[in-house]
Amino acid sequence: MSESISSTVKHTGLTLDSVFVEVQHSEGLGLPKVNHIRFFHTAMRGNKLTTENLQVFLRRNLARYVFSRAQLENYRVNDDLDSAVSEAMRIMAENGDSSSEGTGNMLDEILVYAFLEEKLKAPKLMSRVELYTELAKFRSECKGIHLLSPSDLPENTKFQMVFGASNIVDDVKIAIDRAFETIAKINAHESREVLMVQKTVLDQFFNQGEVDLLTEILIPQPGQPESYDTAYGIFLGYQLGLNPEGRGDDFEALAEQKMLCDIKEHAGYIAEKISAAGLTGHSFYVYIVPFNDAEQEKTQIMDAVLRGGTPI
């Protein structure tokens with residue numbers, strides 16, 4: 001039997017590591033359980049954060065985000081993978097436009113999926129677009145649900161069902177506040193979210209080893225303790241707020257200095273939000289990315305991805 005489930009993000013060609021540079025820092029969340037706060041930015045060119053590679057990465061992974069493993073395998077069996085991306089784009093277009101929150105169409109909703117899969121190594125159980133398209137009757141609050149294996153955690157830690165929350169807005173504190181509004185809703189209905197996973201997720205897989213593993217983890221066994229814990233994965237995007245006009249070759253160094261200041265300030269704010277919500281008994285995994293103009297770019301990027309045209 002498998003000891004973990006397979007990831008869905010493509011690991012060849014343009015990967016998330018090719019798109020983002022990580023900013024090293026020493027800040028933490030001060031929680032008793034395993035946690036981290038990580039900060040990334042895209043490449044800088046002409047004193048601006050570029051998004052071309054991000055758009056290509058998103059388009060390459062669109063079908064993997066929209067469809068379950070079982071659905072993707074059906075495309076493979078029928079030698080029809082070429083139509084999976086266009087079908088994924090059609091489904092997302094029917095869900096709404098790139099500013100329709102909760103449909104799976106917004107940039108933060110697909111980026112929380114990508115970061116939890118690639119950086120946390122927690123493969124998806126269901127993405128936001130699957131929750132909206134296939135499982136709307138359950139009214140899930142999550143921006144995605146992922147599973148983290150104990151092999152990627154400290155010794156004696158259970159599997160973790162990681163609930164996703166995300167937001168992109170100019171002011172990072174507002175992004176944090178909105179993400180925690182989502183987390184409060186998830187926490188209030190956690191038993192409903194877990195029941196939804198238990199009732200539906202096995203149908204999303206085709207690999208029998210993975211089905212057996214998930215059955216053992218997710219289906220309660222009489223007289224046995226819970227084999228998983230719950231955790232939260234957060235993606236935040238915001239506006240860097242550094243004017244590039246008149247800057248020379250020192251812009252990149254100044255931008256990274258600004259990012260380090262932002263991390264230091266907002267790690268403490270996130271820790272306060274966790275404590276105020278009474279959630280210090282959970283693991284939290286936070287990923288933050290700056291944009292030139294967060295409000296404008298989050299829509300422009302997804303519009304370009306869903307059009308299938310040339311990156312902006």
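The values are calculated or read from the model by the stated rules, or taken from the named source; none is laboratory data. Just so it is clear, the model here is predicted, and its values are computed rather than measured. Counting neighbours? That spans all protein chains shown, and the Cβs are built from the backbone with ideal geometry, glycine included. Please note that ligands, DNA and RNA were not included when accessible areas were found on the heavy atoms of the full protein model with its side chains. Shrake-Rupley method; radii C 1.70, N 1.55, O 1.52, S 1.80 Å.
Over segment 252-312, what percent of the accessible surface lies on carbon and sulfur atoms, probe 1.4 Å? The value for segment 252-312 is 49 percent carbon and sulfur by accessible area. Net charge near D229, counting Lys/Arg +1 and Asp/Glu -1 over other residues with Cβ under 14 Å of its Cβ? That works out to -2.
Mean sequence separation of contacting Cα pairs (under 8 Å, at least six apart), scaled by the length of segment 148-220, corresponds to a relative contact order of 18 percent. The residues neighbouring I168, those whose beta-carbon lies less than 10 Å from its own, together hold a net charge of -3 under the Lys/Arg +1, Asp/Glu -1 convention. Accessible area per residue for segment 1-110, computed on protein heavy atoms with a 1.4 Å probe, is 46 Å².
Which loop GluC sites (Glu not before Pro) in segment 1-87, with loop taken from DSSP, have no more than 12 other Cβ atoms within 10 angstrom of their Cβ? Here the GluC sites (Glu not before Pro) that fit, given the DSSP loop and packing criteria, are E3. Of the trypsin sites (Lys or Arg not before Pro) in segment 75-130, the ones in a loop by DSSP (not H, G, I, E or B) with at most 16 other beta carbons within 10 Å are K121. If you take the beta carbon distance between L81 and R139 as r and set R0 to 25 Å, what does 1/(1 + (r/R0)^6) give as a FRET efficiency, to the nearest 0.05? For L81 and R139, the calculated efficiency is 0.20.
How much net charge surrounds V85 when only the other residues with a Cβ under 12 Å from the Cβ of V85 are counted, with Lys and Arg +1 and Asp and Glu -1? That sum, taken over residues with Cβ under 12 Å, equals +2.
Separation of segment 62-107 from segment 189-247 is 19 Å, based on Cα centroids. Helix-only arithmetic for the chain: the sum of -39500 (n - 2.57) across DSSP H runs with n ≥ 4, divided by the residue total, places the mean residue ellipticity at 222 nm at -13500 deg cm²/dmol. A simple packing score, the average count of other Cβ atoms within 10 Å per residue, orders the peptides 12-18, 227-233 as 227-233, 12-18, with the highest score first. Based on C-alpha pairs under 8 angstrom that are at least 6 apart in sequence, the chain has a relative contact order of 26 percent.
Over the chain, the reciprocal of the mean inverse Cα-Cα separation, the Kirkwood hydrodynamic radius, stands at 20.0 Å.
Under 5 Å from the amide H of F159 lie the amide H atoms of D229, each residue being 5 or more positions distant or on a separate chain, with H modelled from the backbone and absent for Pro and chain starts.
Values of log10 I(q)/I(0) for segment 148-252 across q = 0.11, 0.12 Å⁻¹ run -0.53, -0.60, by the Debye formula with one identical scatterer at each alpha carbon and no solvent. Checking the cross-link pairs K48/K137; K119/K258; K33/K173; K33/K137; K124/K258; K158/K298 against a 31 Å limit on the alpha carbon distance flags K48/K137; K33/K137; K124/K258; K158/K298 as lying beyond it. Using the Stokes-Einstein relation with a Kirkwood hydrodynamic radius computed over Cα pairs, the translational diffusion coefficient of segment 214-275 at 37 °C and a viscosity of 0.692 mPa s comes to 204 µm²/s.
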